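Right, one structure below, let's go through it.
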Amino acid sequence: MSASTLSQGQSAPPAPSVRVRLLDYKTGRPLKGRYVQLTLSDPSGNYGPDAVLLKGKTGADGVVVFRPKAIPSPRVDVVTLDDMPCTAPEEFATDVIVQQGIVGTQADVPFCKPHTSPIPNPRPGEVVFYAHRLNLWQRFRRSIEE
């Protein structure tokens with residue numbers, strides 16, 4: 001029945017949107033105006049040279065919404081482009097995100113201590129991701145170390 005529906009000119013449903021809520025690792029407050037990248041895995045769950053990269057900027061609520069146009073990938077990778085990620089791992093299962101939402105585990109690294117913020121409840125379709133907002137000097141040092 002699916003084949004006949006598709007053959008009549010109807011397309012498959014669009015991929016679900018993914019919300020990333022970026023929070024300060026220490027205070028739990030939203031990080032406004034920060035750049036985030038979402039990388040979509042291929043159908044087998046791998047990230048290759050042809051991986052789809054989506055970039056966005058968080059709003060006042062610390063949220064950026066990504067609306068992939070392709071069939072949903074089984075995994076997504078979240079990267080903060082200007083900040084130190086304080087969530088480990090940075091890769092999440094898409095079906096869990098869509099069904100219940102995910103709060104990333106706070107990373108055990110010196111830049112991300114102490115963890116004093118309360119753990120929020122994610123919404124379906126949302127990844128809650130912690131980050132340490134780096135100042136200009138810290139971003140410069142990080143770029144040299146990479």
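When the residues of region 19-42 are filtered to those that are within 15 Å of Asp61 (Cβ to Cβ) and not in a strand (DSSP E or B), the one that is farthest from the chain's Cα centre (by Cα) is Thr27.
Restricting region 73-85 to residues that are over 15 Å from Ser17 (Cβ atoms) and either of a type in the set (Asp, Glu) or more than 10 Å from the chain's Cα centre (by Cα) (or both) leaves a set whose member that is surrounded by the most Cβ atoms within 10 Å (Cβ to Cβ) is Asp83.
When Lys55 is tested against the conditions (1) assigned to a helix (DSSP H, G or I); (2) in contact (Cβ under 8 Å) with a residue 12 or more places away in the chain, the lone failure is (1).
Restricting attention to region 111-126, the residues that are under 25 Å from Arg67 (Cα atoms) and either under 14 Å from the mean Cα position of the chain (by Cα) or surrounded by 12 or more Cβ atoms within 10 Å (Cβ to Cβ) (or both) add up to 6. Filtering region 88-108 for residues that are surrounded by 13 or more Cβ atoms within 10 Å (Cβ to Cβ), at pLDDT below 85 and of a type in the set (S, T, N, Q) leaves an empty set. Annotation: of all residues in region 110-140 being touching a residue at least 24 places away in the same chain (Cβ under 8 Å) and among the aliphatic types (A, V, I, L, M), the one that is nearest to Ser44 (Cα to Cα) is Val127.
The set of residues from region 74-106 being of a type in the set (Gly, Ala, Ser) and either over 15 Å from Val127 (Cα atoms) or in a strand (DSSP E or B) (or both) comprises Ala88, Ala93. Of everything listed in (1) under 20 Å from Gly48 (Cα atoms); (2) hydroxyl-bearing (Ser, Thr, Tyr); (3) without any contact (Cβ under 8 Å) to a residue 60 or more places away in the chain, the single unmet condition for Thr94 is (3).
For the residues Ala60, Ala51, the requirement of being modelled with pLDDT under 90 and surrounded by fewer than 16 Cβ atoms within 10 Å (Cβ to Cβ) singles out Ala51. Restricting attention to region 63-72, which residues are surrounded by 14 or more Cβ atoms within 10 Å (Cβ to Cβ) and more than 15 Å from Leu22 (Cα to Cα)? Those that are surrounded by 14 or more Cβ atoms within 10 Å (Cβ to Cβ) and more than 15 Å from Leu22 (Cα to Cα): Pro68, Pro72.
Filtering region 127-140 to residues that are surrounded by 12 or more Cβ atoms within 10 Å (Cβ to Cβ) and either on the phi > 0 side of the Ramachandran plot or not hydroxyl-bearing (Ser, Thr, Tyr) (or both) leaves Val127, Val128, Phe129, Ala131, His132, Arg133, Leu134, Gln138, Arg139.
Residues checked against (1) of a type outside the set (Ser, Thr, Tyr); (2) within 15 Å of the chain's Cα centre (by Cα):
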{"residue": "Leu54", "(1), (2)": "yes, yes"}
{"residue": "Gly59", "(1), (2)": "yes, yes"}
{"residue": "Val65", "(1), (2)": "yes, yes"}
{"residue": "Ile71", "(1), (2)": "yes, no"}
{"residue": "Thr87", "(1), (2)": "no, yes"}
{"residue": "Val109", "(1), (2)": "yes, no"}
{"residue": "Phe129", "(1), (2)": "yes, yes"}
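If the condition is being farther than 12 Å from Val78 by Cα, of a type in the set (Gly, Ala, Ser) and under 13 Å from the mean Cα position of the chain (by Cα), then region 90-107 contributes only Gly101.
The values are calculated or read from the model by the stated rules, or taken from the named source; none is laboratory data. Just so it is clear, the structure is predicted and the values come from calculations on it, not from any experiment. Every residue, glycine among them, receives a Cβ derived from its backbone with ideal geometry; neighbour counts consider all protein chains shown.
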